[in-house]
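Below is one structure, written out as C-alpha cells; the observations come after it.
The values are calculated or read from the model by the stated rules, or taken from the named source; none is laboratory data. Note that the structure is predicted; figures quoted are calculated from it, not measured. FYI the Cβ positions are ideal-geometry reconstructions off the backbone, even for glycines, and counts take in every protein chain you see.
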Amino acid sequence: MSWCWWALVEDRPCGATATARATDGDGAPAGWLAAWGQPNKPVPAARRGDDRLLDPDGAPGWVSLVLAPERNELLFDDVAVQQARRDVLARPPMRGLTTLLRDASHFEGALTVAADGDEARLRDDPFARIFAQRVLRIEGGLLGTTPAPAGPTIERYGSAQPWPWDRFEA
C-alpha cells in the first residue's frame with residue numbers, strides 16, 4: 001500500500017495533489033479537505049493515509065473525519081482501535097475508508113467516506129467511539145473508492161512480528 005497525506009485545513013492549500021471544499025451538515029463552510037502525494041509532511045495537521053482513497057476525478061460524498069487530540073499516544077494495537085476495526089469488518093463496506101497515522105504504531109484517526117444516500121451510516125462510525133467525529137459534505141474532485149478490507153493486517157503475534165496477512169499456517 002502507498003501513502004499520501006490528508007488534512008482538513010481552513011484555506012485552500014497550494015501544492016496539494018487534490019482539494020475539495022468541505023461543509024458541515026447545515027451547509028456552513030468547514031474548510032478544505034486536501035491530499036498530498038509527497039513524502040514530506042505538507043502541513044502540521046496532515047496525517048498519513050491510504051492513497052487509494054485519493055481520486056482527483058472522484059464524486060462528491062459525505063465523510064466521517066475522526067481525529068486524535070494533540071499528543072495522542074494511542075497505539076494501533078489498543079483494544080479500542082482493534083474493536084473499531086472489527087466492527088468495520090462486520091458491516092457492509094462504505095465507499096472508502098482509511099485510518100490515519102503519524103507513524104507505524106499510533107492511531108491518529110480515520111476518514112470514512114459514504115456514497116450519497118448512505119450518509120446516515122456515518123453517525124455510527126466505530127472510530128468515533130475513540131475520538132471526536134466531524135461529519136462533512138465534501139465536493140467532488142478528491143475522494144475515490146477503496147476496496148473493502150479483507151481482514152486484520154496489523155495485529156501482532158509474538159514479539160513485534162506482524163500478522164501474516166497474506167497466508168495462514170495450516
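Among residues of region 98-149 being hydroxyl-bearing (Ser, Thr, Tyr) and within 13 Å of the chain's Cα centre (by Cα), the one that is farthest from ASP57 (Cα to Cα) is THR99.
If you go through region 89-106 and keep only what is free of Cβ contacts under 8 Å to residues at least 12 places away in the same chain and assigned to a strand (DSSP E or B), you end up with nothing. The set of residues in region 1-22 that are surrounded by 15 or more Cβ atoms within 10 Å (Cβ to Cβ) and part of a loop (DSSP other than H, G, I, E, B) comprises PRO13, ALA16, THR17. Only one of the listed residues (ARG71, ARG86) is of a type in the set (Lys, Arg) and either touching a strand residue (DSSP E or B) at 6+ places or on another chain (Cβ under 9 Å) or not in a loop (DSSP other than H, G, I, E, B) (or both). That residue is ARG86. Could you tell me whether PRO42 is in a loop (DSSP other than H, G, I, E, B) and within 15 Å of the chain's Cα centre (by Cα)? Criteria not met by PRO42.
The set of residues in region 7-39 that are touching an Asp or Glu at 6+ places or on another chain (Cβ under 9 Å) and among the aromatic types (Phe, Trp, Tyr) contains only TRP32.
Within region 6-17, how many residues are farther than 16 Å from VAL113 by Cα and either touching a residue at least 24 places away in the same chain (Cβ under 8 Å) or acidic (Asp, Glu) (or both)? Quick ask: steps written out before the conclusion?
First pass over region 6-17, keeping only residues farther than 16 Å from VAL113 by Cα: 9-17.
Retained after the next criterion (residues that are either touching a residue at least 24 places away in the same chain (Cβ under 8 Å) or acidic (Asp, Glu) (or both)): 9-11, 13, 15-17.
Matching residues across region 6-17 total 7.
Pairs meeting the criteria (first residue in region 23-41 and farther than 15 Å from PRO13 by Cα and of a type in the set (Val, Ile, Thr), second residue assigned to a strand (DSSP E or B) and modelled with pLDDT of 95 or more, beta carbons under 8 Å, at least 6 apart or on different chains) are THR23/PRO29; THR23/ALA30; THR23/LEU136; THR23/ARG137. Looking at GLY117, GLY31, GLY25, GLY49, which one is more than 14 Å from GLN133 (Cβ to Cβ) and part of a loop (DSSP other than H, G, I, E, B)? Residue meeting the stated conditions: GLY117.
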